[in-house]
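First up is the structure itself, then whatever we jot down about it.
The values are calculated or read from the model by the stated rules, or taken from the named source; none is laboratory data. Since the structure is predicted, the reported quantities are computational estimates derived from the model, not experimental observations. Glycine also receives a Cβ, built like all others from the backbone with ideal geometry; neighbour counts cover every protein chain displayed.
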Amino acid sequence: MNAPGMVSAQSESPLADEMMGAEMRQSARRQQGFTLIELMIVVAVLSIVAALAIPNYLRYQMQTRQSEAKANLAGIFMAESAHFGEQSMFGTFAQIGFGLAGSVNRYAYRVGAGTTAGSDLVLPLMGVDPGPNTIVPSGLTGQPAPGFTATATANLDADSTIDMWHVNDLKQGLQIADLSDVN
């Protein structure tokens with residue numbers, strides 16, 4: 001006999017025990033894991049998400065690499081402007097004291113003829129030199145109208161398209177690529 005409000009550990013009938021046991025077995029069966037169909041649906045959903053996300057991530061990565069060219073060309077513009085203010089002429093990288101910071105330079109930079117490394121050509125530290133900018137060539141002009149055009153070129157993703165940028169003494173070309181390697 002149980003005290004009032006207490007539940008007996010033994011059930012009232014064998015039928016109740018059997019029903020309780022059947023419910024527990026069914027509950028245990030339902031909680032054993034996922035079915036193959038459920039797992040396949042999860043894999044399909046993740047594949048779709050990856051198919052959408054990976055190209056966007058790669059495009060974002062290329063755009064951040066292009067910021068290297070913009071920042072360095074802006075630095076070249078500032079150095080050339082300062083050199084012109086002091087010397088009344090634009091100069092090569094050696095003359096303006098331009099050098100790249102860091103060890104992940106992906107672009108080749110040219111000013112003047114762009115053929116002598118260290119003077120008017122800075123080679124990329126990663127990858128190979130894809131050659132000069134074929135749309136806007138680099139160059140220095142003297143009197144009566146002094147000017148300069150500095151270029152940056154790189155193949156960012158190993159395809160046939162070369163990323164090309166330039167800046168000149170009028171600060172033109174710094175915001176839009178001459179030819180973009182980013183799709």
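A search for C-beta distances below 6 Å between a residue of the range 164-183 that is more than 14 Å from residue 138 (Cα to Cα) and any residue that is assigned to a strand (DSSP E or B) and among the charged types (D, E, K, R), counting only pairs 6+ apart in sequence or on different chains, returns 181/163.
Yes or no, residue by residue, for (1) crowded, with 21+ Cβ neighbours inside 10 Å; (2) over 22 Å from residue 178 (Cα atoms); (3) in contact (Cβ under 8 Å) with a residue 40 or more places away in the chain:
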| residue | (1), (2), (3) |
| --- | --- |
| 90 | yes, yes, yes |
| 109 | yes, no, yes |
| 115 | no, no, no |
| 126 | no, no, no |
| 138 | yes, no, no |
| 144 | no, yes, no |
| 154 | yes, no, yes |
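For the residues 140, 100, the requirement of being of a type in the set (A, V, I, L, M), assigned to a strand (DSSP E or B) and in contact with a strand residue (DSSP E or B) (Cβ under 7 Å, 6 or more places away or on another chain) singles out 140. When the range 26-67 is filtered for residues that are at pLDDT below 90 and either in contact with a Lys or Arg (Cβ under 8 Å, 6 or more places away or on another chain) or not in a helix (DSSP H, G or I) (or both), the ones remaining, listed by number, are 31, 32, 33, 34, 65.
Residue pairs whose Cβ atoms lie under 9 Å apart, sitting 6 or more positions apart in sequence or on different chains, and linking a residue in the range 57-83 that is surrounded by 13 or more Cβ atoms within 10 Å (Cβ to Cβ) to a partner that is part of a helix (DSSP H, G or I), are 76/93; 76/96; 79/93; 79/96; 80/96; 83/95; 83/96. Take the conditions (1) touching a Ser or Thr at 6+ places or on another chain (Cβ under 9 Å); (2) more than 23 Å from residue 85 (Cα to Cα); (3) assigned to a strand (DSSP E or B); residue 152 misses just one of them, which is (1). Among the residues making up the range 115-149, those that are small (Gly, Ala, Ser), modelled with pLDDT under 85 and farther than 21 Å from residue 87 by Cα are 117, 127. Of all the residues in the range 168-183, those that are touching a Lys or Arg at 6+ places or on another chain (Cβ under 9 Å) and over 14 Å from residue 69 (Cα atoms) number 1.
Using the structure shown, decide if residue 106 is of a type in the set (D, E, K, R), over 15 Å from residue 140 (Cα atoms), at pLDDT below 95 and in a loop (DSSP other than H, G, I, E, B). Yes.
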